[in-house]
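The values are calculated or read from the model by the stated rules, or taken from the named source; none is laboratory data. This structure is a prediction, so every number in the text was calculated from the model and none was measured. Cβ placement follows ideal geometry from the backbone for every residue including glycine, while neighbour counts extend to all protein chains displayed. Each accessible area value is taken on the protein alone, full model and side chains, heavy atoms only, with ligands, DNA and RNA left out. Shrake-Rupley method; radii C 1.70, N 1.55, O 1.52, S 1.80 Å.
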Amino acid sequence: MLLICHHDSVLKPHSLTEILFPSRCFGCRALGPNICSQCRVLWNPHLYRSTLDSMHVYSAVLYSPVAKRIILSAKENGIKSADDLIINALSHSLHLLLRDFELGILVPAPSRKSSNRKRGRDFLSEITHAIAKSESLDCMDLLVHTRKIKDQSELNAHERSTNIYQALAIDRNKLPALGVETDVILVDDLITTGATLLEARRALEVRGIRVIAAITACLSPPLR
Ligand SMILES: [Zn+2]
């Protein structure tokens, strides 16, 4: 079916999509731009520094219902402009980290295979590679899961650390590409209990790789 209007003979597909699916803020669902000004304020990057068993973690945004929906829009719905907000927050954390520490290879926390299948992409890996490219840093997907784990979002602090403990390892295929001394910066979208980042560090350090520090886009108050 073609839509005819006065000036153009055919509406562009782009405008047709907008008529059928008007855009909404992915923070609060209000009609209008992809991110409204009120939600944008909640995503305005700051500096939150935390320490996990002597590992420094730099985060940019406090986790909130708005932040949760922004992350889900990127992760589960693949919305490009939500990706950009997360890239923006992570780059901010990275810049602040690099004021205090030296450069390292960016290493994303690995996603579960089942999540990647559902999403049709490895969300955090894509985001981390995009940041590495714009910052002219190296990036390697060094870590893999060695067994199945549950979705961490449903678990409390104790369950999370049991769930992830010794569940990560270095991808053997990547070992030949590593130098003698490798220093890395860990990357994740959200830090809650820190269980994933601590397990990632353990898996890297048993192979002699040094974790300089970690960056996340969001910081959530710790669970009990
Ligand atoms: Zn909004």
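Between the amide H of residue 28 and those of 36, distances stay under 5 Å, these residues lying 5 or more places away or on another chain, with hydrogens modeled in the peptide plane.
Given their separation in residues at 0.36 nm each and the Cα-Cα distance between them, residue 44 and residue 62 gain 5.5 nm when the chain is fully extended. Under 17 Å from a label point 7 Å along Cα→Cβ of residue 134: give me every residue in the range 62-89 with its amide N that close. Counting only backbone N, you get 71, 74-75, 79-89. Under 5 Å between amide hydrogens, built in the peptide plane, is the criterion, and for residue 138 it picks out 106 among residues at least 5 positions away or on other chains. At a probe radius of 1.4 angstrom, the accessible area of the chain per residue rounds to 57 square angstrom. For the range 43-58, the residues whose backbone nitrogen is under 19 Å from a point 7 Å from the Cα of residue 28, taken along Cα to Cβ, are 43-45.
Among 33, 65, 176, which one shows the biggest mean-square fluctuation in a GNM of the chain, springs joining Cα atoms closer than 10 Å? Among 33, 65, 176, the largest mean-square fluctuation in the Gaussian network model of the chain belongs to 176. Placing a label point 7 Å from the Cα of residue 37 along the Cα-to-Cβ direction, no residue of the range 56-74 has its backbone N under 11 Å from that point.
The distance separating the Cα centre of the range 76-141 from that of the range 196-222 comes to 14 Å. Taking only protein heavy atoms and a 1.4 Å probe, the accessible area of the range 44-219 is 50% carbon and sulfur. Rounded, prolate or oblate: which fits the range 44-219 when a ≥ b ≥ c are the square roots of the eigenvalues of the alpha-carbon gyration tensor, with rounded for a/c under 1.5 and prolate only if a/b beats b/c? Since a/c stays below 1.5, the shape of the range 44-219 is classed as rounded.
Add +1 for every Lys or Arg and -1 for every Asp or Glu among the other residues with Cβ under 10 Å from the Cβ of residue 160, and state the total. Result for the neighbourhood of residue 160: -2.
Each residue of the range 195-206 is assigned a 3J(HN,Hα), and the resulting list reads 4, 5, 5, 5, 5, 4, 4, 4, 5, 6, 5, 5 Hz, derived from the Karplus form 6.51 cos²θ - 1.76 cosθ + 1.60 (θ = phi - 60°), x at Gly and Pro.
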